[in-house]
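> Supplied in structure tokens, the structure appears directly below.
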Amino acid sequence: MAEEPYSREDGAAPLPPSFPPDPLSNADIRRPSPKDPIRQPQDSSGEDNDGAAEESRGSWLRGLVEFVGILALALLFSLLIKTFLMQAYYVPSGSMEQTLQNGDRIAVNRTARDVEDIHRGDIVVFVDPGDWLEDKPDTRNGFQRATSNVLETIGLLPQDSGHHLVKRVIGVGGDEVACCTDEGLLTVNGEPIEEDYLAEGMAPSLQEFSVTVPEGELWVMGDNRSNSQDSRYHELVEGNGFVPVENVEGRVWSIFYPFSRIGGIEHTESFDSVPESNG
């Protein structure tokens, strides 16, 4: 009797009896019983999301604290620099042309404000010694004024020049300053001064004068002599042409804006040969 060929229950092609059974055959797969408990996979995504959100909030708060701390240190550093070292000012007129132009932003060295630190030829910023400046109405609104005051206080905005002036020191305490010689030159303690900072052809002064500078005070003039109401005008017209040294805010160190004019203020040698006063 012929042997029946081996057949698979799943309908696959017959295989010889010697071929090992298919490990994936239906006979070898255990079907789950309805009585078997159904095990649901544990979902940890909720806990992970909560942890990630908490970590994100913590990172954001740490970043905010660091930012506030850095900003506070920067403002403190700026305030210290403004108070003790350097202050920015705005040049509001052309009285110091050609050295300083209308609209220049200048950096002022606040460490140079005592008698021994101020020399002939220095350009200084000083507080109005007494009605040198006309009162101008403030057209800013309250918010603009408050914001400007805060930024000026911490040194992030150039100081409003409404109560400050910038001029060149011509005479210090005890000096005799006069104009002009037969050659049309200014003299200090009898020494004629070749003022190398004046525009070519500009006269040292259109008004003649001769003064002795009181101790502790300064005689100042603008480089644009024909357009500067300085010590000459206020002494001859109003009798208060001298500037107390205590009014000096500092010596102009450099121009920092506009960018096309960035640079330091060069020292003039015009006064190097002036003898000391007899006072």
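> So, in segment 224-261, exactly how many residues are touching a strand residue (DSSP E or B) at 6+ places or on another chain (Cβ under 6 Å) and more than 19 Å from S210 (Cβ to Cβ)?
Of the residues in that region, 13 qualify.
> Taking segment 215-258, which residues are assigned to a helix (DSSP H, G or I) and in contact with a helix residue (DSSP H, G or I) (Cβ under 7 Å, 6 or more places away or on another chain)? Let's see the steps before the verdict.
First, the residues of segment 215-258 that are assigned to a helix (DSSP H, G or I): 225-227, 231-238, 245-247.
Across segment 215-258, the qualifying residue is only V245.
> Which ranges mark the strands (runs of 3 or more DSSP E) fully within segment 64-180 that have 1 or more residues being modelled with pLDDT of 85 or more and farther than 30 Å from E238 by Cα? Before the answer, list the steps.
Details: elements: 86-90, 105-109, 123-127, 164-171, 176-179.
Output list reads 86-90, 105-109.
> Of the residues G250, G263, G241, which single one is surrounded by 15 or more Cβ atoms within 10 Å (Cβ to Cβ), free of Cβ contacts under 8 Å to residues at least 40 places away in the same chain and of a type outside the set (D, E, K, R)?
Numbers: G250 fails: free of Cβ contacts under 8 Å to residues at least 40 places away in the same chain; G263 fails: surrounded by 15 or more Cβ atoms within 10 Å (Cβ to Cβ).
G241 is the lone residue from the list that is surrounded by 15 or more Cβ atoms within 10 Å (Cβ to Cβ), free of Cβ contacts under 8 Å to residues at least 40 places away in the same chain and of a type outside the set (D, E, K, R).
> When segment 199-224 is examined, which residues are found to be among the acidic types (D, E), under 27 Å from V127 (Cβ atoms) and over 32 Å from the mean Cα position of the chain (by Cα)? Full working, then the answer.
Initially, segment 199-224 is screened for residues among the acidic types (D, E), giving 200, 208, 215, 217, 223.
Those still in the list that are under 27 Å from V127 (Cβ atoms) too: 215, 217, 223.
Residue satisfying the conditions is E215 alone.
> When the residues of segment 119-133 are filtered to those that are under 16 Å from G173 (Cα atoms) and among the charged types (D, E, K, R), which remaining residue is nearest to the chain's Cα centre (by Cα)?
My answer is D122.
> Continuing with the same structure: Considering only residues that are of a type in the set (A, V, I, L, M, F, W, C) and modelled with pLDDT under 95, which ones fall in segment 229-247?
Filtering segment 229-247 down to residues of a type in the set (A, V, I, L, M, F, W, C) leaves 236-237, 242-243, 245.
Within segment 229-247, L236, V237 meet the criteria.
> Counting only residues that are small (G, A, S) and in contact with a Gly (Cβ under 8 Å, 6 or more places away or on another chain), which one in segment 170-222 is surrounded by the most Cβ atoms within 10 Å (Cβ to Cβ)?
Initial filter on segment 170-222 (small (G, A, S)): 171, 173-174, 178, 184, 190, 199, 201, 203, 205, 210, 216, 222.
Restricting the remaining residues to those that are in contact with a Gly (Cβ under 8 Å, 6 or more places away or on another chain) gives 173-174, 203, 216.
Numbers: G173: 18, G174: 16, A203: 13, G216: 13.
Among them, the one singled out is G173.
> Moving on. What residue, of S210, S205, S277, S273, is free of Cβ contacts under 8 Å to residues at least 60 places away in the same chain, part of a loop (DSSP other than H, G, I, E, B) and in contact with a strand residue (DSSP E or B) (Cβ under 7 Å, 6 or more places away or on another chain)? Can you show your working first?
Values: S210 fails: part of a loop (DSSP other than H, G, I, E, B); S277 fails: free of Cβ contacts under 8 Å to residues at least 60 places away in the same chain; S273 fails: free of Cβ contacts under 8 Å to residues at least 60 places away in the same chain.
S205 is the lone residue from the list that is free of Cβ contacts under 8 Å to residues at least 60 places away in the same chain, part of a loop (DSSP other than H, G, I, E, B) and in contact with a strand residue (DSSP E or B) (Cβ under 7 Å, 6 or more places away or on another chain).
> What are the pairs, 6+ residues apart or on separate chains, where a residue within segment 173-193 that is within 26 Å of E246 (Cα to Cα) and in contact (Cβ under 8 Å) with a residue 24 or more places away in the chain has its Cβ under 8 Å from a residue that is among the acidic types (D, E) and crowded, with 16+ Cβ neighbours inside 10 Å?
Every condition considered, the pairs that remain are G173/E217; V188/D175; V188/E176; N189/D175; N189/E176.
> Could you tell me whether R232 is under 20 Å from R120 (Cβ atoms), touching a Gly at 6+ places or on another chain (Cβ under 8 Å) and basic (K, R)? Explain how you work it out, then say what you get.
Numbers: under 20 Å from R120 (Cβ atoms): yes; touching a Gly at 6+ places or on another chain (Cβ under 8 Å): yes; basic (K, R): yes.
Criteria met by R232.
The values are calculated or read from the model by the stated rules, or taken from the named source; none is laboratory data. All values reported here derive from a predicted model rather than from experimental measurement. Positions of Cβ are generated from backbone atoms using ideal geometry, with glycine treated the same way; all protein chains shown enter the neighbour counts.
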